[in-house]
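The values are calculated or read from the model by the stated rules, or taken from the named source; none is laboratory data. All values derive from a computational prediction rather than experimental measurement. Cβ atoms come from the backbone with ideal geometry, glycine included; neighbour counts cover every protein chain shown. Side chains included, ligands, DNA and RNA excluded: accessible areas come from the protein's heavy atoms. Shrake-Rupley method; radii C 1.70, N 1.55, O 1.52, S 1.80 Å.
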Amino acid sequence: MKTPVVLSIALSTLFSFSVSGPASGQDEDDIFAFIPAGGRTLLETVREAGLPQNLAARIAETGGDHTVWREALDAEKAGTPALGVLDDWQTNTLANYLAANTPLDPGGVLPRDGRDMALQLCQSCHIITVVITQDRTREAWLGTMNSPSHVEIETTEAERGLLADYLVINAGIPIDLVPPELRAGGASY
Ligand code: HEC
């Protein structure tokens, strides 16, 4: 009874994608706007507003784990409005990104973050909703990525870790916050 309905919704979703998707560019940006920024975007935003010199130097010169970077970010929040406005989730997302990627060449192109990877790598076989509505532990995400359906997706181990970290914090988005045109595929799993 249920299948034809799901299928017809899925087909109309595919159809609306092919009509209004990449051709207009703007739709693509807008439709995914509900998915929270990843570390690359957060770092770009804070850099544009001006990073304190000592933090910028640390990012360019040293590595560190999540705790190290979370403390480094917290220490500069009071004096750096662009950092001060980041909420707890955003600060943790940025700390995970720094942990995965530092030291970072200040003039270089920033590596992709968890959100970039989800949008680039997780939409070719199923709708993104399957991913961003799941509330899971890091181990469970890594398990999914190492499952037979996913093991061939091209990522380094460090990237899979970063994607898992991003999804632990930022996935689990309630379905009513997902744009209606992205809901059909999510319901079919
Ligand atoms: C090569 C095709 C393919 C790509 C690319 C893909 N998936 Fe999947 N995914 C599947 C298939 C097939 C299923 C359903 C069968 C299963 O669960 O293994 C699935 C199901 C899922 C599920 C729900 C079932 C489960 O395992 O918990 C999640 C979550 C998921 N994928 C996450 C991801 C993420 C994250 C990415 C991007 C890193 C991704 N998928 C990219 C093929 C793919």
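Which one of these is surrounded by fewer than 21 Cβ atoms within 10 Å (Cβ to Cβ), in a helix (DSSP H, G or I) and at pLDDT 95 or above: LEU119, LEU104, LEU110, LEU98?
Values: LEU104 fails: in a helix (DSSP H, G or I); LEU110 fails: in a helix (DSSP H, G or I); LEU98 fails: surrounded by fewer than 21 Cβ atoms within 10 Å (Cβ to Cβ).
Every option except LEU119 fails the conditions.
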Restricting attention to segment 139-178, which residues are β-branched (Val, Ile, Thr), open to solvent by 40 Å² or more (accessible area, probe 1.4 Å) and more than 8 Å from the ligand (Cβ to nearest atom)? VAL151, THR156, VAL168, ILE175
Condition check for ARG136: in a loop (DSSP other than H, G, I, E, B), more than 10 Å from the ligand (Cβ to nearest atom) and either within 15 Å of the chain's Cα centre (by Cα) or closer than 20 Å to GLY63 by Cβ (or both): no
